[in-house]
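The values are calculated or read from the model by the stated rules, or taken from the named source; none is laboratory data. Keep in mind it's a predicted model, so treat the numbers as computed, not measured. We place every Cβ from the backbone using ideal geometry, glycine too, and count neighbours over all the protein chains shown.
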Amino acid sequence: MRRIETALLVDDDFAFRTTLQSALRRRGVRARTAASVDEGATALQDEPVDLIVVDQRMPHGDGLEGLERYRREAPDAVIVMLTGFGDIPLAVQAMRRGADLFLTKPIEAERLLREARDVIEQPRGGAHLPPVHATLNLEEVEKGAIAAAMQQSGGVVAKAAKLLGIDRRTLQRKLKRMD
């Protein structure tokens, strides 16, 4: 079985990427970092990797823009799209562009590696087909989107519901189930 020995972390948040880099290194993974999609593409030309973790929202080009590029540069790598603001359409778009996994922040290194190993263990499709295995925890994505909307709205349910494009009562029911 192929192992995850090298990783590239693409995220504009210095603290997050260096913390995750340190956690991966403690687990025996040689992890490098990049602060933008373009830096990530350059790093892939320098040395191949087994795992690419890319943030969705970055100021100089979001991670979605880099997915197809990264897939071309590293066709055998496990590509993980990370976001703090996940929703179902975004997850589907990420998978279509080449992500193997769509996970929400924050993420622990152990979980990230476990999910990536699950992808490696699954057979892949042909060179032009999307990966056969894609982890998408819809409940986790929904919770992340709700939490982000609640934070952005200052905890006001009506404002958060408007940001999410759902009825206020629907959001209240979802929040009650999350407790």
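For the reader, a short list of remarks on this structure follows.
- Index of the failed condition, V92 passing every other in (1) farther than 17 Å from I120 by Cβ; (2) assigned to a strand (DSSP E or B): (2)
- When residues of region 1-42 are limited to those that are part of a strand (DSSP E or B) and of a type in the set (V, I, T), the one nearest to E121 (Cα to Cα): T6
- The helices (runs of 4 or more DSSP H) found entirely in region 96-168 that carry 2 or more residues being at pLDDT 80 or above are 109-121, 157-164.
- Within region 140-161, being surrounded by fewer than 19 Cβ atoms within 10 Å (Cβ to Cβ) and within 17 Å of I88 (Cα to Cα) holds for E140, E142, K143, A147.
- Selection of first residues in region 146-172 that are charged (D, E, K, R) and of second residues that are surrounded by 15 or more Cβ atoms within 10 Å (Cβ to Cβ) and in a helix (DSSP H, G or I), restricted to Cβ pairs under 7 Å at least 6 apart or on distinct chains, gives the following pairs, ordered by first then second residue: D167/A161; R168/V157; R168/A161.
- Residue list for region 94-125, restricted to those being within 12 Å of the chain's Cα centre (by Cα), surrounded by 15 or more Cβ atoms within 10 Å (Cβ to Cβ) and either not assigned by TED's automatic domain parsing to the domain that holds R17 or not charged (D, E, K, R) (or both): A94, M95, G98, A99, L101, F102, L103, T104, I107, L112, A116
- Inspection of region 59-66 identifies at least one residue that is surrounded by 19 or more Cβ atoms within 10 Å (Cβ to Cβ), touching a residue at least 40 places away in the same chain (Cβ under 8 Å) and within 18 Å of T18 (Cα to Cα).
- Close pairs (6 angstrom Cβ cut-off, 6 or more residues apart or separate chains): within 11 Å of I79 (Cβ to Cβ) in region 89-104, in a strand (DSSP E or B) and among the aromatic types (F, W, Y) anywhere: A94/F102
- Residues located in region 43-69, provided they are more than 18 Å from R2 (Cβ to Cβ) and assigned to a helix (DSSP H, G or I): A43, Q45, D46, G63, L64, E65, G66, L67, E68, R69
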